[in-house]
């Protein structure tokens, strides 16, 4: 998507895209991070809403009508913290029921001189739990954007049973060319899981520039599908979930772990055997 500050317009666009994806046979449809409002953080508190609320109710109606799972990549959810909202993913099943919510755990607080400076934590409160959800035959591990830089999060979700990782994002145009595809493919390869990453694309009127490149990656790290423009677009692929079990049998990245070793303090190098 290419969302902006007009919530009604963004939601209308999202609904149109969900219908179009369903028309193409999609059964699980993911929207990007901040799909219903993408703009300056000073507006976050004023546009935050409850879950369930107006936006989730509208998309739940579409999910019921089309008989599809709709994943609201993220929206601004009201929180008990003054001047801060949650950045929340909402998963709605084909019956229109909210079956999972995930509040973004790792916040985009960075300072790359001359490139990008942003402090998401000024307006967003971090979530404090990991979330798995069943979607048809898949176990979905929910994450959002900046989470993709924290491999331990994805390993924990994989150990919990995740076969597909969701990574809705509004990834920065400054860091995206060097990091986005590499990180998505790494998370897929190191856990032998599918990665589905819907994105914001292009730049807003306020100058928030995103990398785009929505992607679907398989457990071998192969990019199955990718967006090609900075305009609203549907990226679609069929996920053969048997590949997850196959690749994990071939290279047992979960079973060959040595967690007791990782808990030990790291000492200096030595020439001793």
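The values are calculated or read from the model by the stated rules, or taken from the named source; none is laboratory data. Since the structure is predicted, the reported quantities are computational estimates derived from the model, not experimental observations. Don't worry about glycine lacking a Cβ; one is built from the backbone with ideal geometry, like all the others, and counts go over all protein chains shown.
Condition test on residue 2, is it under 18 Å from the mean Cα position of the chain (by Cα) and farther than 27 Å from residue 139 by Cβ? Yes; evaluated as a whole, the condition is true for this residue.
Restricting 185, 249 to residues that are at pLDDT 95 or above and surrounded by 11 or more Cβ atoms within 10 Å (Cβ to Cβ) narrows the list to 185. When segment 170-210 is filtered for residues that are within 19 Å of residue 239 (Cα to Cα), part of a loop (DSSP other than H, G, I, E, B) and touching a strand residue (DSSP E or B) at 6+ places or on another chain (Cβ under 8 Å), the ones remaining, listed by number, are 193, 198. Restricting attention to segment 23-58, the residues being part of a helix (DSSP H, G or I), crowded, with 19+ Cβ neighbours inside 10 Å and in contact with a helix residue (DSSP H, G or I) (Cβ under 7 Å, 6 or more places away or on another chain) number 1.
Could you count how many residues in segment 139-154 are buried (at least 18 other Cβ atoms within 10 Å of the Cβ) and more than 25 Å from residue 212 (Cβ to Cβ)?
1
Does residue 69 satisfy being surrounded by fewer than 20 Cβ atoms within 10 Å (Cβ to Cβ), on the phi < 0 side of the Ramachandran plot and touching a residue at least 60 places away in the same chain (Cβ under 8 Å)?
On the way: surrounded by fewer than 20 Cβ atoms within 10 Å (Cβ to Cβ): no; on the phi < 0 side of the Ramachandran plot: yes; touching a residue at least 60 places away in the same chain (Cβ under 8 Å): yes.
The answer is no for residue 69.
For residue 63, the conditions (1) without any contact (Cβ under 8 Å) to a residue 60 or more places away in the chain; (2) more than 25 Å from residue 203 (Cα to Cα); (3) surrounded by fewer than 19 Cβ atoms within 10 Å (Cβ to Cβ); (4) in contact with a strand residue (DSSP E or B) (Cβ under 7 Å, 6 or more places away or on another chain) are fulfilled apart from (3). Is one or more of the residues making up segment 111-125 closer than 16 Å to residue 165 by Cα and under 18 Å from the mean Cα position of the chain (by Cα)? Checked against the condition, which is being closer than 16 Å to residue 165 by Cα and under 18 Å from the mean Cα position of the chain (by Cα), segment 111-125 yields no hits at all.
Listed by first and then second residue, the pairs with beta-carbon distance under 6 Å, at least 6 apart or on different chains, first residue in segment 23-49 and without any contact (Cβ under 8 Å) to a residue 60 or more places away in the chain and on the phi < 0 side of the Ramachandran plot, second in a loop (DSSP other than H, G, I, E, B) and surrounded by fewer than 18 Cβ atoms within 10 Å (Cβ to Cβ), are 48/78.
Of all residues in segment 194-223, those that are in contact (Cβ under 8 Å) with a residue 60 or more places away in the chain and surrounded by fewer than 23 Cβ atoms within 10 Å (Cβ to Cβ) total 5. Residues being out of contact with any helix residue (DSSP H, G or I) (no Cβ under 7 Å at 6 or more places or on another chain), over 27 Å from residue 65 (Cβ atoms) and not in a strand (DSSP E or B): count how many of those fall in segment 105-135. Of the residues in segment 105-135, 10 are out of contact with any helix residue (DSSP H, G or I) (no Cβ under 7 Å at 6 or more places or on another chain), over 27 Å from residue 65 (Cβ atoms) and not in a strand (DSSP E or B). Scanning segment 136-153 for residues that are part of a helix (DSSP H, G or I) and in contact with a strand residue (DSSP E or B) (Cβ under 6 Å, 6 or more places away or on another chain) gives a single hit, 145. Inside segment 155-178, residues that are in contact (Cβ under 8 Å) with a residue 12 or more places away in the chain and either more than 12 Å from the chain's Cα centre (by Cα) or farther than 20 Å from residue 103 by Cα (or both) make up a count of 15.
Going by the conditions given, is residue 95 surrounded by fewer than 19 Cβ atoms within 10 Å (Cβ to Cβ) and under 26 Å from residue 12 (Cβ atoms)? Spelling it out, residue 95 is indeed surrounded by fewer than 19 Cβ atoms within 10 Å (Cβ to Cβ) and under 26 Å from residue 12 (Cβ atoms).
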